[in-house]
Amino acid sequence: MGVEQKLGNMGVVTMTLEQAINWARTNSMWPMLFGLACCAIEMMSAQASSYDMSRFGMELMRASPRQSDLMIVAGRVSQKMAPVLRNLYDQMPDPKWVIAMGDCASCGGVFNNYAVLQGVDEVVPVDVYVAGCPPRPEGLIHGIITLHKKIHGEPLKKWS
Amino acid sequence: MDQIQDPLLDGMTHLVSTRALTGETMLLNMGPQHPSTHGVLRLLLELDGEIVVNCIPDIGFLHTGVEKNMEAKTYQKAEVMTDRLDYLNPIGNNLAYCLAIEKLVDLDVPPRAQSLRVILTELSRLQSHLVWIGTSALDLAAMSVFLYSFREREIILDIFELVSGQRMMTTYIRPGGVWRDTPVEFEAAVRNVLKIMPARIDEYESLLTKNPLFIDRTRKIGVISAEDCVRWGLTGPVIRASGVAYDVRKARPYASYEQYDFDIPTQTGGDVYARYLVRVAEMRQSLRVIQQALDKMPFGPVRSNNRKFVPPPRSELGTSMESLIHHFKLWTEGFDAPKGSVYVGIESPRGELGVFLEGDGGPKPYRVHFRAPSFVNLQAMPLLARGHFVADIVGIIGSIDVVLGDADR
Amino acid sequence: MDEKLQPAVTALKDRLGAVDAEFRGQVTLTIPPERIVEACRILRDEFGFDMLVDETAVDYWPQVTPRFNLVYQLYSMKQNAMLGLRAPLDGNAPHISTIESVYPNANWHEREIWDMFGVRFDGHSDLRRILMPHDWEGFPQRKDYPLGYEEVQFTFNYNEIDLSKPYAKE
């Protein structure tokens, strides 16, 4: 941002193309509705009045994977659901990110048995893990802001 | 046409009619990921134009293997898993499991703990109905109710956090009583809820009950008769909306519910609108019960004194040798339950939640089975959905109030 | 014993040779498995037990006779009485008649028992898996089926377990 310091207040901001694209990507990220279990209720709480996620650009949650760029896996993934999860991830267009919300999505949580996948990163690559059982809405918002910071540092070549 | 229908069916070909296999009616998959199915439920709809000819539910997408996993843990440690079954009523699940343990080992519960259990269970019922009214109104396109009801729910979740430290999965109710006594701010917080909730419930009613659009979308939809309810084992608000006044809190009272005076609201319509009215009336009755329980709450211990099953308070560990031994044995090995089996049912916001517990003389439950109300209620989905439009299916699922964690366990 | 249950218990003991037991105030009748449909029909039609509340199974492996016990809970709305039934089954591939014709909601309960325990129900309209994927092998809730847990990753064994965990790369 060096030019405007020399030329004074002209109503212009300069930045690199990378920064501009990353800024645009973070400010209006639409999550896909992927609430599976208890964490989904806390995700709904985070979307509702008291801990509003619309302030961060997530005004609405899109049900269709073709129209969303963030998948928040909220809840435990069972054996029957895993192929469905992968299918939906494949249907999302690039650029896409995944937040594993809660202990069950991060590592299997309380359930260490035959029926639950021990961490959703066995099926999809995860960007941010949010811990908690279920994580407070503020915890989820912290996870989203961490994801925003991660995206700000992304190089331009990653998705092109 | 056959090639399109085949992947949808995988194994369910014998359930759809021949008209579907020839392509005369359309098979539509309302898949596990859907905004209005209240969880991961898959419905295979057979459509003739827009009318649903048959609706086949497919569950199992949230199967967690809880029953088998609980067999590998001791009784106290297994209780943590019960919270996460019906995740909209975690305190009710804890209560059902603890009542089953107390019946199996014949453990007493002091009166102050009974009152606290009643207050928290009714608060849990209230917050579950708030989620229900928010999400089912959202499905029928009444969005403001969702934002209002979640605002009220935060007040109740603050009370849960006050007593146990956790907003949802509290594990506060333990065998023999509750975990620990409530802090001093508890009574003021509950009285605050009692003061503001009646006006807020009136607010929701003013938005929905006489709204002609809401009535159009819910009257005469998803009708089920009282005999069908009993034949299919449906319980909870579904059977009460069809005219049968069956409530486990009145029929087989548990946790001192016989001391409190409350009504069982019933309707005779048996449709989605009747179930809505029954649940709103239940919210008001819950407030009545909380009021009485809070006024009559006695002083005293909050957990049983029976040291064979209940760990002693930490303050005693420094002075008494037996307390130390009991503490050690209970936390390393757990308590032993006798051989035998019990079945205990409670009234959860969805219906009768039952726990079948069989002990074998050891510290781990030999067999735990949860009679999940959502599992049984969802079976009647084809009966409710036949002959209606696709757009009504959403309203019907909302009115049965399914929680898939409960159905799949 | 609850007096309301007495006539039903006596009738089943006389006609079917049931054995009654009481534990913590709850009555359980053990019925020979071939006569379970008859027992349910008698209870529903003559004694008013019109709701099947629960149906489940217990596995007693390594004991093989009986290996499974099917447990039914029946409830009578008019008399407000709950009765439990048990049907012992032997062997590793047991089968029993379905009570779907008497209580329609036994349909999904019996599908779950087939899925989890492998007890076949003769005459069932739609016996297939309900909770596990339809091509799963094995019956998970049997006692000889492993829990399937993954070893917990601590700092001392972090690297070994990390190598064997399947991570999705893209």
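Here the condition is being under 21 Å from residue B:245 (Cβ atoms), small (Gly, Ala, Ser) and in contact with a Leu (Cβ under 9 Å, 6 or more places away or on another chain); of B:359, B:351, B:398, B:405, it holds for B:351 alone. Taking the numbered list (1) within 11 Å of chain B (Cβ to nearest Cβ); (2) under 14 Å from residue C:120 (Cα atoms) in turn, residue C:60 passes all entries but (2).
How many of the residues making up region B:85-141 are among the aromatic types (Phe, Trp, Tyr) and either farther than 23 Å from residue B:305 by Cβ or without any contact (Cβ under 8 Å) to a residue 12 or more places away in the chain (or both)?
So the first thing to find is which residues in region B:85-141 are among the aromatic types (Phe, Trp, Tyr), and the list is B:87, B:97, B:132.
Cutting the leftovers down to either farther than 23 Å from residue B:305 by Cβ or without any contact (Cβ under 8 Å) to a residue 12 or more places away in the chain (or both) gives us B:87, B:132.
Total satisfying the criteria: 2.
Working only within region C:67-83, note down all residues that are buried (at least 19 other Cβ atoms within 10 Å of the Cβ) and either in a loop (DSSP other than H, G, I, E, B) or of a type outside the set (A, V, I, L, M) (or both).
The first filter runs over region C:67-83 and keeps only residues buried (at least 19 other Cβ atoms within 10 Å of the Cβ), leaving C:67-76, C:81-83.
Listed by number, the residues that qualify are C:67, C:68, C:69, C:72, C:73, C:75, C:76.
Scanning region A:48-63 turns up one or more residues that are away from chain C (no Cβ under 13 Å), of a type outside the set (Asp, Glu), in contact with an Asp or Glu (Cβ under 7 Å, 6 or more places away or on another chain) and in contact (Cβ under 8 Å) with a residue 24 or more places away in the chain.
Of all helices (runs of 4 or more DSSP H) completely enclosed by region B:77-171, which ones contain at least 2 residues that are over 30 Å from residue B:335 (Cβ atoms)?
Hits in region B:77-171: B:111-139, B:143-164.
Among the conditions (1) assigned to a loop (DSSP other than H, G, I, E, B); (2) out of contact with any Cys (no Cβ under 6 Å at 6 or more places or on another chain); (3) closer than 21 Å to residue B:35 by Cβ, the only one that residue A:95 does not satisfy is (3). Within region C:104-156, the set of residues being part of a strand (DSSP E or B) and either among the charged types (D, E, K, R) or at pLDDT below 85 (or both) comprises C:120, C:122. None of B:153, B:217 is buried (at least 18 other Cβ atoms within 10 Å of the Cβ), at pLDDT 90 or above and either touching a Gly at 6+ places or on another chain (Cβ under 8 Å) or within 12 Å of chain A (Cβ to nearest Cβ) (or both) except B:153. For region C:1-15, the candidate set comprises residues that are over 11 Å from residue C:47 (Cα atoms) and of a type in the set (D, E, K, R); within that set, the residue that is nearest to the chain's Cα centre (by Cα) is C:13.
Across region B:234-284, the number of residues qualifying as part of a helix (DSSP H, G or I), surrounded by fewer than 20 Cβ atoms within 10 Å (Cβ to Cβ) and among the hydroxyl-bearing types (Ser, Thr, Tyr) comes to 0. Between A:73, A:84, the distinction of being buried (at least 24 other Cβ atoms within 10 Å of the Cβ) and either part of a helix (DSSP H, G or I) or more than 8 Å from every other protein chain (Cβ to nearest Cβ) (or both) belongs to A:73 only.
Taken over region C:60-95, residues that are of a type in the set (Ser, Thr, Tyr) and within 15 Å of the chain's Cα centre (by Cα) amount to 2.
Residues are listed down the side, and each one gets a yes or a no for (1) in contact with a Leu (Cβ under 8 Å, 6 or more places away or on another chain); (2) facing another protein chain (nearest Cβ under 8 Å); (3) of a type in the set (A, V, I, L, M, F, W, C):
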site	(1), (2), (3)
B:19	no, no, no
B:27	yes, no, yes
B:50	no, no, no
B:63	yes, yes, no
B:69	yes, yes, no
B:76	yes, no, no
B:87	no, yes, no
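Of all residues in region B:70-87, those being surrounded by fewer than 23 Cβ atoms within 10 Å (Cβ to Cβ) and either outside the structural domain of residue B:103 (by TED's automatic domain parsing) or in contact with a strand residue (DSSP E or B) (Cβ under 8 Å, 6 or more places away or on another chain) (or both) number 4. Only one entry in B:357, B:378 is touching a residue at least 24 places away in the same chain (Cβ under 8 Å), of a type outside the set (D, E, K, R), within 25 Å of residue B:89 (Cα to Cα) and more than 10 Å from chain C (Cβ to nearest Cβ), namely B:357. Among the residues of region B:307-334, those that are surrounded by 15 or more Cβ atoms within 10 Å (Cβ to Cβ) and part of a loop (DSSP other than H, G, I, E, B) comprise B:307, B:309, B:310, B:311, B:312, B:334.
Quick one: would you say residue B:106 is more than 14 Å from chain A (Cβ to nearest Cβ) and not hydroxyl-bearing (Ser, Thr, Tyr)? Yes, satisfied.
Condition test on residue A:60, is it part of a helix (DSSP H, G or I) and either at pLDDT 85 or above or surrounded by fewer than 23 Cβ atoms within 10 Å (Cβ to Cβ) (or both)? Give the derivation first.
Working: part of a helix (DSSP H, G or I): no; either at pLDDT 85 or above or surrounded by fewer than 23 Cβ atoms within 10 Å (Cβ to Cβ) (or both): yes.
Considered against the rule, which asks whether it is part of a helix (DSSP H, G or I) and either at pLDDT 85 or above or surrounded by fewer than 23 Cβ atoms within 10 Å (Cβ to Cβ) (or both), residue A:60 comes out as no.
Any chance you could count how many residues in region B:360-375 are part of a loop (DSSP other than H, G, I, E, B) and either among the small types (Gly, Ala, Ser) or more than 10 Å from chain C (Cβ to nearest Cβ) (or both)? Let's see the steps before the verdict.
Quick first cut of region B:360-375, residues part of a loop (DSSP other than H, G, I, E, B) only: B:361-366, B:372.
Remaining after also requiring either among the small types (Gly, Ala, Ser) or more than 10 Å from chain C (Cβ to nearest Cβ) (or both): B:361-365, B:372.
The total comes to 6.
Filtering region B:342-393 to residues that are in the same structural domain as residue B:217 (by TED's automatic domain parsing), touching a strand residue (DSSP E or B) at 6+ places or on another chain (Cβ under 9 Å) and over 29 Å from residue B:122 (Cβ atoms) leaves B:358, B:359, B:360, B:361, B:366, B:367. Selection over region C:114-135 of residues that are more than 10 Å from chain B (Cβ to nearest Cβ) and within 22 Å of residue A:77 (Cα to Cα) gives a count of 0. Of the set (1) within 25 Å of residue B:32 (Cβ to Cβ); (2) more than 10 Å from every other protein chain (Cβ to nearest Cβ), all apply to residue C:89 but (1).
The values are calculated or read from the model by the stated rules, or taken from the named source; none is laboratory data. All of these numbers come straight from a predicted model, not from anything done at the bench. Don't worry about glycine lacking a Cβ; one is built from the backbone with ideal geometry, like all the others, and counts go over all protein chains shown.
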